[in-house]
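Enquirer: Before I ask anything, let me first share the structure, which is written out below as structure tokens.
The values are calculated or read from the model by the stated rules, or taken from the named source; none is laboratory data. In this text, all values refer to a predicted model and were calculated from it rather than measured experimentally. As a convention, Cβ positions derive from the backbone with ideal geometry for all residues, glycine included, and neighbour counts pool all protein chains shown.
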Ligand code: PEP
């Protein structure tokens, strides 16, 4: 039984006050909702305030990125242990915007995943193909390379603890969602690949989230697919009511 995860990536939006307003509204709307892990990922500057606000609630905290060293002369970076210290239990790693604008590679994603696991946080490792790669028939090849690279050197027990998010780059922030069939095809392939890497039990247990223009009106059909175990939500996570509806998805 895989507990679904609905995670909201707030990206570079919201001051501390705005983040608090959003999370307070969300907290009220999802009060008592169980059977799903609800995660929010505010900007770094709002993590402490949001952590205090969600204490004792059913909402958990994630960062949007993390560095792989524990401490030292790495100006501008934040270590996994520091995120844990502020109240994070998850860290988003390798989001396509970080790969596109900040030079993330499968190798740096792998370093971040390892350091995050070592600190006891749950990595949400993002993978996904660009439009050109999809149109070139390379989707499964690209995603397979990203998953294999991101998981390199990890034991099955470590892979058991992480979450993978499949986010086709062409569907992020564009309003274009992958069809449930397109998403399911890739999710099933990721699960098959995890089985090859880490064995059938890990493959059966790992949570694979879909991300890319998930909204209140398409979450149900996406969540009804056999290998979709949750959603990583950008735009629709910035409104408490739409995110709460996504959290309360209904499968057919
Ligand atoms: C994301 O940022 O991970 C994302 C999927 O964004 P959106 O939901 O806006 O497409």
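Enquirer: From the list 152, 132, 157, pick out the single residue that is more than 29 Å from residue 50 (Cβ to Cβ) and in a loop (DSSP other than H, G, I, E, B).
Expert: The conditions single out 152.
Enquirer: Report whether or not residue 76 is without any contact (Cβ under 8 Å) to a residue 24 or more places away in the chain and at positive phi.
Expert: Details: without any contact (Cβ under 8 Å) to a residue 24 or more places away in the chain: yes; at positive phi: yes.
Considered against the rule, which asks whether it is without any contact (Cβ under 8 Å) to a residue 24 or more places away in the chain and at positive phi, residue 76 comes out as yes.
Enquirer: Right, next: Any residue that is closer than 17 Å to residue 237 by Cα, within 16 Å of the ligand (Cβ to nearest atom) and at pLDDT 95 or above - is there at least one of those in the stretch 65-83?
Expert: No, there is no match, as no residue in the stretch 65-83 is closer than 17 Å to residue 237 by Cα, within 16 Å of the ligand (Cβ to nearest atom) and at pLDDT 95 or above.
Enquirer: Name the pairs whose Cβ atoms lie under 6 Å apart, with the first residue in the stretch 90-102 and at positive phi, the second within 13 Å of the ligand (Cβ to nearest atom) and outside any helix (DSSP H, G or I), and 6 or more positions between them or separate chains?
Expert: Final answer for the pair search is 94/125; 94/126.
Enquirer: Only one of 50, 66, 40 is buried (at least 21 other Cβ atoms within 10 Å of the Cβ), in a loop (DSSP other than H, G, I, E, B) and in contact with a strand residue (DSSP E or B) (Cβ under 9 Å, 6 or more places away or on another chain); which?
Expert: Exactly one residue qualifies, and that residue is 66.
Enquirer: For the stretch 1-29, give me each residue that is in contact with a helix residue (DSSP H, G or I) (Cβ under 7 Å, 6 or more places away or on another chain) and more than 24 Å from residue 162 (Cβ to Cβ).
Expert: If the condition is that a residue be in contact with a helix residue (DSSP H, G or I) (Cβ under 7 Å, 6 or more places away or on another chain) and more than 24 Å from residue 162 (Cβ to Cβ), then 14, 16, 19, 20, 22, 23, 24, 25, 26, 27, 29 are the ones that fit.
Enquirer: Does residue 200 qualify as being over 17 Å from residue 5 (Cβ atoms) and within 16 Å of the ligand (Cβ to nearest atom)?
Expert: So residue 200 does not fit the description; no.
Enquirer: Take the stretch 53-63 and flag every residue that is closer than 14 Å to residue 91 by Cβ and surrounded by fewer than 20 Cβ atoms within 10 Å (Cβ to Cβ).
Expert: 60
Enquirer: Still on this structure, please answer the following. When residue 218 is evaluated against the numbered criteria (1) within 12 Å of the ligand (Cβ to nearest atom); (2) touching a strand residue (DSSP E or B) at 6+ places or on another chain (Cβ under 9 Å), which criterion, by number, is the only one it fails?
Expert: For residue 218, the failing item is (2).
Enquirer: Determine, yes or no, whether residue 213 is within 12 Å of the ligand (Cβ to nearest atom), touching a residue at least 12 places away in the same chain (Cβ under 8 Å) and out of contact with any strand residue (DSSP E or B) (no Cβ under 6 Å at 6 or more places or on another chain).
Expert: Answer is yes for this residue.
Enquirer: Sticking with this structure for a sec: Quick check on this structure: which one of 183, 216 is in contact with a helix residue (DSSP H, G or I) (Cβ under 9 Å, 6 or more places away or on another chain) and more than 20 Å from residue 147 (Cβ to Cβ)?
Expert: 216
Enquirer: A further question on this structure: Mind telling me which of the residues 234, 230 ends up being within 15 Å of the ligand (Cβ to nearest atom) and on the phi > 0 side of the Ramachandran plot?
Expert: Being within 15 Å of the ligand (Cβ to nearest atom) and on the phi > 0 side of the Ramachandran plot holds for just one of 234, 230, which is 230.
Enquirer: Checking the conditions here, which among 15, 45, 3 is within 29 Å of residue 222 (Cα to Cα) and surrounded by fewer than 19 Cβ atoms within 10 Å (Cβ to Cβ)? Working first, answer last.
Expert: On the way: 15 fails: within 29 Å of residue 222 (Cα to Cα); 45 fails: within 29 Å of residue 222 (Cα to Cα).
The conditions single out 3.
Enquirer: Restricting attention to the stretch 237-252, and to residues there that are free of Cβ contacts under 8 Å to residues at least 40 places away in the same chain and not in a loop (DSSP other than H, G, I, E, B), which single residue is farthest from the ligand (Cβ to nearest atom)?
Expert: Filtering first and then ranking leaves 245.
Enquirer: Do you know which residues across the stretch 88-121 are outside any helix (DSSP H, G or I), away from the ligand (no atom under 16 Å from the Cβ) and within 22 Å of residue 38 (Cα to Cα)?
Expert: 88, 89, 119, 120, 121
Enquirer: Would you mention how many residues in the stretch 5-25 are touching a residue at least 40 places away in the same chain (Cβ under 8 Å) and within 16 Å of the ligand (Cβ to nearest atom)?
Expert: Within the stretch 5-25, residues that are touching a residue at least 40 places away in the same chain (Cβ under 8 Å) and within 16 Å of the ligand (Cβ to nearest atom) number 10.
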